[in-house]
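Report on the following structure.
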Amino acid sequence: MIFNPELECMDVHSRKKMQLAGLKNLVERLYARVPFYRAKMDAAGIAPAGIHSLGDMQKLPFTTKEDLKDNYPHGLRACPEDRIVEVHMSSGTTGKPVVNEYTVHDIGIWREAMSRTMAAAGCTKYDTVQNCYGYGLFTGGPGAHYGAQNIGAKVLPMSSGNTGRQLAVMQDFGSTMLACTPSYALYMAEEAAEAGIDLRALPVNKGCFGAEPWSENMRREIEARYGMKAYDIYGLTEIIGPGVSFECEAQDGLHVNEDLFYPEVVDPDTGIPLPDGERGELVFTTLGKEGTPLLRYRTRDISYLIREDCPCGRSTVRMHRLFGRTDDMLIIRGVNVFPSQIEHALVEIEGTEPQYLIVVTRGEDHLDELELQVEVKKDFFTDEVRGLESLRTRIEHVMKSKLQIALKVKLMEPKSIERSVGKAKRVIDKRSI
Ligand code: DLL
């Protein structure tokens, strides 16, 4: 279902006009109200009066994660404090967390963005949405809550964890839609199998999953185990939370809510905008936000833009599912490796689960070592050493040909890699560089 046909299917020219008006208004507000942005624009030699077209966007300075950290907690606020009604933060493993402060208007933008997102995954007022994204400072729980409720669906605000109770509620309340991280969806499916619960026999038939990288293989696995259609949803705390972009029933790229969040893709090294279809770093500008709007925010997420008609009828630009992050990239003996490449390569190997952990160490010879711990499927995990050894060498061989580096594979017993109720941790980097 298309939640807002007027805005989601509008003709591209009219949308561009809206975006330009939004950009001009944003630049004026930032220049007048946020000293950080005024200084940056002055240094770049661009004033609000110099913005005449969307092409002028390129004259504007970028905003980076470092800028957010330097201005923590309130330095980028663009409205009086008494207008802020909600705050979210990303946990950020290092340094200070990034903050998003919302006005009532901003919550409205989020609600709209998430209503479009969940409607595209088939959510209607007849659905019961089991929301197992974390509630709290994390945006996942509240974002899905606002969207589903606005559609008129019934929300079960479960938050993450307590898997036994999740499964009991899923059965007792007949949840029809699931919202959580893809890794948690798989974990719940494993627990269900263990408890003898047949998820395929339950009413749950769709889900919207995101907040972490996941492969087509994981999608197929989730769809098979639940008997559902699994949709990818994308977003980040700094911009709004979930709701920046989402898949429609065509599942061929994610529609960007571009009237709200203007996307660009740039070369991560030079910052030069790349043509549609070319892979680079996603950059977003929030067009209507009041609390902590962002100008040309460098996400570090890697994708490309698709500007072709979509059979669903939405006219918004799409982004390819994320390929990874510029800062997730591991440099192993000089070769760039993304965890997502490893996950994609694992797809080809029968007998493995989509559960893996990458451990990077630096040996006494100062060379990087990469160990890939891979879980073996229950049926493949026999005591027969020869079978396992051939699986191990097969994985090493596939990885070598796909990634151009040698790595050591350690086969792990079923369910031995730690499961997460939120975002899964896939890399442990033990190098002290
Ligand atoms: O993860 C917001 C969110 C919640 C998105 C629920 C979707 C569903 P952060 O914690 O700030 O916000 O993390 C944002 O997570 O820059 C991506 O690197 C990654 N990410 C988010 N969605 C996807 C996705 C939320 N669908 C960071 N696929 C982003 C791959 C994703 N990575």
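Worth pointing out:
- A crude spin-label estimate for the pair Glu350 and Val335, with each label 7 Å from Cα along the Cβ direction, gives 2.7 nm.
- Reciprocal mean inverse distance between Cα atoms of region 331-371 - Kirkwood radius, Å: 11.6 Å
- Extending 7 Å from Cα along the Cβ direction at Asp429 and again at Asp267 yields two label points whose distance is 2.4 nm.
- Taking every alpha-carbon pair in region 193-249 and binning the separations at 5 Å intervals from zero gives 4, 17, 23, 20, 16, 10, 6, 2, 0 percent.
- Compared with the direct C-alpha span, the chain from Asp365 to Asp42 gains 111.3 nm at full extension, assuming 0.36 nm per residue.
- Highest-MSF residue in the chain out of Val12, Val99, Val317 [GNM, Cα springs under 10 Å]: Val12
- Only beta bridges with both residues in the chain are counted; by DSSP, about 60 percent of them are antiparallel.
- If you plug the beta carbon distance of Lys408 and Lys96 into 1/(1 + (r/R0)^6) with R0 = 30 Å, you get a FRET efficiency near 0.25.
- Dimensions (Å) - region 74-203, Cα atoms, principal axes, largest first: 54, 36, 20
- Ratio of the Cα radius of gyration of region 263-410 to 2.2 N^0.38 Å, where N counts its residues: 1.35
- Restricting the calculation to Cα atoms, region 175-328 shows an Rg/Rh of 1.02 when the hydrodynamic-style radius is the Kirkwood one.
- Computed Rg/Rh of region 5-152, alpha carbon atoms with Kirkwood Rh: 1.01
- Here the spin labels are modelled as points 7 Å beyond Cα on the Cα-Cβ line, and at Asp327 and Asp82 they lie 3.6 nm apart.
- Sorting the segments 14-26, 324-336, 342-354 by their residues' average number of neighbouring beta-carbon atoms within 10 angstrom, most packed first, yields 342-354, 14-26, 324-336.
- Relative intensity, log₁₀ I(q)/I(0), of region 8-71 from a Debye sum that treats every alpha carbon as a point, q = 0.23, 0.28, 0.29 Å⁻¹: -0.97, -1.22, -1.27
- Measuring nothing but protein heavy atoms, the accessible surface of the chain at 1.4 Å probe radius is 51 percent carbon and sulfur.
- Table column - 3J(HN,Hα) (Hz), region 328-338, Karplus curve with 6.51, -1.76, 1.60, x for Gly and Pro: 8, 5, 9, 9, 10, 6, x, 9, 7, 10, 9
- Counting all C-alpha pairs of region 50-90, share separated by more than 15 Å (%): 60 percent
- Plainly put, the chain has a radius of gyration that is 0.98 times its Kirkwood radius, both from alpha-carbon atoms, as the Rg/Rh ratio.
- Sites Glu308 and Gln171 - FRET efficiency at Förster radius 41 Å, r taken between beta-carbons, to 0.05: 0.45
- q = 0.23, 0.34 Å⁻¹: log10 I(q)/I(0) that the Debye formula gives for region 91-132, counting C-alpha atoms only: -0.87, -1.08
- Per-pair calculated FRET efficiency, R0 = 30 Å: Ala195 and Tyr126 via Cβ, rounded to 0.05: 0.60
- Note on the chain: with a GNM built from Cα contacts shorter than 10 Å, the maximum mean-square fluctuation among Glu194, Glu101, Glu413 falls on Glu194.
- Here is the list for region 157-212: chymotrypsin sites (Phe, Trp or Tyr not before Pro) lying in DSSP coil, each with at most 16 other C-beta atoms within 10 angstrom of its C-beta, are Phe173.
The values are calculated or read from the model by the stated rules, or taken from the named source; none is laboratory data. What you see is a predicted model, and the numbers here were worked out from it, not measured in a lab. Cβ atoms come from the backbone with ideal geometry, glycine included; neighbour counts cover every protein chain shown. Quick note on the areas: whole protein, heavy atoms, side chains included, nothing else; ligands and nucleic acids left out. Shrake-Rupley method; radii C 1.70, N 1.55, O 1.52, S 1.80 Å.
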